[in-house]
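A.B. asks: Please read through the structure below; I'll follow up with questions.
Taken together, the values in this text are just the output of simple stated rules run on the coordinates, not laboratory data. Please read all numbers here as calculations on a predicted model, not as lab measurements. Heads up, the Cβs are rebuilt from the backbone with ideal geometry, glycines too, and the neighbour counts pull from every protein chain shown.
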Ligand SMILES: Nc1nc2c(ncn2[C@@H]2O[C@H](COP(=O)(O)OP(=O)(O)OP(=O)(O)O)[C@@H](O)[C@H]2O)c(=O)[nH]1
Ligand SMILES: [Mg+2]
């Protein structure tokens, strides 16, 4: 039987051991997650995302220090979904976050997608649940904002902080468009570099252009559809603040902390937080349902049935849609 007590009291070795099991989808992990679930839902989960090299890790490091100074415990989850050679990046982060190590109120976990059975987004969600149950007041999740997995990871956060930096090439414009929509707080880091003010103005312009529904509360498009209700919602919609920082010098950090706290209060006061949570849980349920149904189905197929069907497709004897029908009929 899994004993949740060591995790609930934040015992670090028990925590590290369980997180490894969760990452490896070990059979014991499921029982542990079930036992811990009632203890989750207390942390402020903050996603930090943005193009490569914008200074996310440096910023996370500074935010963690500031949160510690005001007495909050902090867990950091650094996710590196892109590179199969994560050793270097994680080592770099370790060095950057060195001033946090040794502090019992800080827990840092680096995750790479390689070899992860359950998929990165789901595993990250489970890791965050464990840290939440362990009582960390603040959970910072760093992802590189490049693809679907990262956006999904950002969505599991209550507050999403998008980091920009001046002088990024055109290739990141696409990334920007996608992640601007999910931003609750925008930071232009590397404000010591030329072009920071211009980047800030450009961001402000694209935020003004963005359709309001896209960045107002989730409630606006899921729940409240009648015009007058929407008007009410607009008046209390969240406008993402845009802030300048120099993470390497710790400049601008108090304003970011303030914005994060304000956003949390907004989520609480408007009921938006609960609606986001509801959406997130629905998504998780759907995802797991889909996975389980598929796994059950594949387990029931006769051995070789798939291979045989692939050969028939190859020979153009059948089309994919009818192949599925035949496999389901058995
Ligand atoms: N000039 C300047 N450099 C910075 C600032 N913040 C971070 N850097 C530098 O930018 C580089 C990348 O910083 P990281 O914090 O690793 O950025 P990141 O976004 O986490 O990078 P990835 O995780 O690899 O995507 C490092 O060399 C930092 O020292 C800043 O405010 N000003
Ligand atoms: Mg980083």
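A.B. asks: How much length is gained if the chain between residue 103 and residue 299 is pulled fully straight, taking 0.36 nm per residue apart and subtracting their Cα-Cα distance, in nm to one decimal?
C.D. replies: 65.9 nm
A.B. asks: A further question follows. Cβ neighbours within 10 Å, averaged per peptide: list 292-304, 122-134 in order, most packed at the top.
C.D. replies: Top to bottom by mean Cβ count within 10 Å: 122-134, 292-304.
A.B. asks: For a quick check: sort 68, 274 by the number of other beta carbons within 10 angstrom, fewest at the front.
C.D. replies: 274, 68
A.B. asks: So how do 313-325, 179-191 stack up, highest first, on mean other-Cβ count within 10 Å?
C.D. replies: Averaged packing, sorted descending, gives the order 179-191, 313-325.
A.B. asks: When a/c reaches 1.5 or more, the comparison of a/b and b/c decides; with that in mind, is the range 1-63 rounded, prolate or oblate per its Cα gyration tensor?
C.D. replies: Here the range 1-63 falls in the prolate category.
A.B. asks: I need the calculated FRET efficiency for the pair residue 17 and residue 326, taking r as the beta carbon distance and R₀ as 41 Å, to the nearest 0.05.
C.D. replies: 0.35
A.B. asks: Report the gain in length on full extension from residue 314 to residue 206: 0.36 nm times residue separation, minus Cα-Cα distance, nm rounded to one decimal.
C.D. replies: That pair, residue 314 and residue 206, stretches by 34.1 nm at full extension.
A.B. asks: What does the C-alpha gyration tensor say about the overall shape of the range 243-330? Classify as rounded when a/c is under 1.5, otherwise prolate if a/b is larger than b/c, or oblate.
C.D. replies: In terms of gyration-tensor shape, prolate.
A.B. asks: For a quick protection proxy, order the peptides 51-62, 243-254 by their average other-Cβ count within 10 Å, most packed first.
C.D. replies: Ranked by mean Cβ neighbours within 10 Å, highest first: 51-62, 243-254.
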